[in-house]
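Participant: Take this structure, written in structure tokens, and hold onto it; I'll ask about it next.
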Amino acid sequence: MHRRVNPREQRRMMQRMGMNMDSVPDVEQVIIKTGSKDITIEQPEVAILEMQGQKIFQVIGGKVTEKAPERAVPNASVVSMSEADVQLVADQTGKSVDEARNALEECGGDLAKAILLLQS
């Protein structure tokens, strides 16, 4: 026959083992994003167990829904490049800064491709 452990006694035992558990108040939603789906849990109970410097999140109950992830379509015309990248391409190829910038935009910001494009 199993004896139920008093919550207070359980908390003391956990502290002796170097474990600490706290609940997170007022949680409205937990979202888990994977490559193939987004899992949403409404109104769950969430507890954090801290053990040996690691945190473990425990999510209990709530209404669970799954859906395909919403992915933003990248804008091909917006390319992230710094002036240092533009200058590097220009220096490596002997071309103007404008030509280097255009080559980087055409190659999607890839330095090596831009250099090869301008050298050919």
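Participant: Give the residue that is nearest to Gln54 (Cα to Cα), with candidates limited to residues of segment 16-35 that are of a type in the set (D, E, K, R) and assigned to a strand (DSSP E or B).
Facilitator: Once the filter is applied, the top-ranked residue is Asp22.
Participant: For segment 36-58, give me each residue that is over 29 Å from Pro69 (Cα atoms) and assigned to a loop (DSSP other than H, G, I, E, B).
Facilitator: Passing the criteria: Gln52, Gly53.
Participant: Quick check on Pro7: is it farther than 30 Å from Pro69 by Cα and surrounded by fewer than 10 Cβ atoms within 10 Å (Cβ to Cβ)?
Facilitator: Judged against the criteria, Pro7 is a match.
Only the coordinates and a few stated rules stand behind these numbers; no lab work does. Here the structure is a predicted model, which means the values were calculated and not measured. Ideal geometry is used to build each Cβ from the backbone, glycine not excepted, and the neighbour counts take in all protein chains shown.
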